[in-house]
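Scroll down for the structure; my scribbles are underneath it.
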Amino acid sequence: MPLSKQKFSSYIKEFNFRELFNEMGWNNDNAFVPVSIDTEVFKLQGVAVKSGFKILTLQSENKKIPSKEARKKIHRTISKFFYEHLIIYCDAQKSHQIWQTAIRLPNKPIKIHEVEWSPSQDPEILYQRTSG
């Protein structure tokens, strides 16, 4: 039985990604992946994995989500370890999320796609993306 929009919305608003993906049928993942970018180390936490596709989160320790340029560098580094992946960036106040994944099309350069979400928004776009 698919996850209801109401339950999905509740998990997103609570920043409870592990339970969200486990309920959607993904396997639990506890991998810890430190990524060094310039002089900063980002600590990514595995949340779920399915058929080689890995879901990771980065809970910001310094209150802010890394810059777009830093997120691109994090993606490039993570791509060396996990070809297919989703990184969910969260700020320390739990007021903002950025879902980042790579779109890979034959004979085209990789395009990084990001969806931003905050608790004042309806998580419909995230629901549509994850249910597909």
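The values are calculated or read from the model by the stated rules, or taken from the named source; none is laboratory data. Computed from a predicted structure; not experimentally measured. Please note: Cβ atoms are built from the backbone with ideal geometry, for glycine as well, and neighbour counts cover all protein chains shown. Surface areas here come from the heavy atoms of the whole protein model, side chains and all, with no ligands, DNA or RNA. Shrake-Rupley method; radii C 1.70, N 1.55, O 1.52, S 1.80 Å.
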- Task: Please work out the average accessible area per residue across the chain, using the 1.4 Å probe convention, and give it in Å².
- Result: 59
- Taking the range 1-120 and dividing mean pair separation by its residue count, relative contact order in percent (alpha carbons under 8 Å, at least six apart): 16
- Task: Would you compute, from DSSP H runs of 4+ residues alone, the mean residue ellipticity of the chain at 222 nm, taking -39500 (n - 2.57) per run and dividing by the full residue count, rounded to the nearest 500?
- Result: -8500 deg cm²/dmol
- Item | Cβ-Cβ FRET estimate between LYS50 and GLU14, R0 fixed at 30 Å, reported to 0.05 | 0.90
- Give the long-range amide H neighbours of PHE42: residues separated by 5 or more places, or on another chain, with amide H under 5 Å away, using H modelled in the peptide plane at 1.01 Å from N. VAL35, SER36, ILE37
- Note on the structure: Contour minus Cα-Cα span, ASP38 to GLU114, at 0.36 nm per residue, comes to 25.2 nm
- Excluding exposed DSSP-loop GluC sites (Glu not before Pro) (at most 15 other C-beta within 10 Å), longest clean stretch of the chain: 85-132
- Local electrostatic count, GLY25, Cβ distance below 14 Å [Lys/Arg +1, Asp/Glu -1]: 0
- Carbon plus sulfur, as percent of the 1.4 Å-probe accessible area of the chain, comes to 51
- Item | In sequence order, calculated HN-Hα J values of the range 72-78 (Karplus, 6.51, -1.76, 1.60; Hz; x Gly/Pro) | 4, 5, 4, 4, 4, 5, 4
- Query: Ordered by residue, what ³J(HN,Hα) values in Hz, to whole numbers, does the range 7-23 give under the Karplus form 6.51 cos²θ - 1.76 cosθ + 1.60, where θ = phi - 60° and Gly and Pro are x?
  - Reply: 5, 4, 4, 4, 4, 5, 5, 8, 6, 9, 6, 4, 5, 4, 6, 4, 5
- Query: When the Karplus curve 6.51 cos²θ - 1.76 cosθ + 1.60 is applied with θ = phi - 60°, which whole-Hz ³J(HN,Hα) does each residue of the range 58-65 get, with x for Gly and Pro?
  - Reply: 10, 8, 5, 8, 9, 6, 10, 6
- Under a point spin-label approximation (7 Å from Cα along Cα-to-Cβ), what is the ASN28-ILE103 distance to one decimal in nm? 3.5
- Message: Explain nothing, just the number: dipole magnitude of the chain about its Cα centre with +1 on each Lys and Arg Cβ and -1 on each Asp and Glu Cβ, in debye rounded to the nearest 20.
- Response: 380
- Message: To check you understand DSSP bridge types, tell me what percent of the beta bridges within the chain (both residues inside) are antiparallel, rounded to 5.
- Response: 80
- Anchor LYS13: lysines whose Cα lies under 30 Å away (excluding residues fewer than 8 positions away in-chain): LYS5, LYS43, LYS50, LYS54, LYS63, LYS64, LYS68, LYS72, LYS73, LYS94, LYS111
